[in-house]
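Engineer: The structure follows.
None of the figures in this text is laboratory data; all of them are computed from the coordinates on show. Fair warning: this is a prediction, and the values are worked out from it, not measured in the lab. Note that each Cβ is placed from the backbone with ideal geometry, even for glycine, and that neighbours are counted across all protein chains shown.
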């Protein structure tokens, strides 16, 4: 998949719109939802989505992940509320200039066979 360069202004939102989504496989919806990202070693972070589709999502994180890393994500995360955690894979990442964060593009594993990612109301 081709990716664009991060914008010169370092804007995370701009980078999320421009990076890795030139030819998305599924329609992306710009939506800000809480998402818990959990690494295989147990490290986790609660952040927010930048966009969402039936097959994946984009978010900004301080965690250091690499393309092809397997992770677990919980979209619509709320402490104390049971929301399904789903397996996902990092597809691409771009640094947010001067912030120590990365914009990540993530593919939801098995999403090709499932009707779509369910987001709680």
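Engineer: Given the Cα atoms of segment 12-108, and with Rh set as the inverse mean 1/r over their pairs in the Kirkwood sense, what is Rg to Rh to two decimals? Write down the numbers at each step before the final one.
Structural biologist: On the way: Rg = 12.3 Å, Rh = 13.3 Å.
My calculation puts Rg/Rh at 0.93.
Engineer: Could you please state, rounded to a whole Å, how far the C-alpha centre of segment 36-69 is from the C-alpha centre of segment 81-107?
Structural biologist: 3 Å
Engineer: Full extension from residue 33 to residue 82: what is 0.36 nm times the residue separation minus their Cα-Cα distance, to one decimal in nm?
Structural biologist: 16.1 nm
Engineer: Taking the highest mean first, how do the peptides 74-87, 57-70 order by number of other beta carbon atoms within 10 angstrom per residue?
Structural biologist: Result, highest mean first: 57-70, 74-87.
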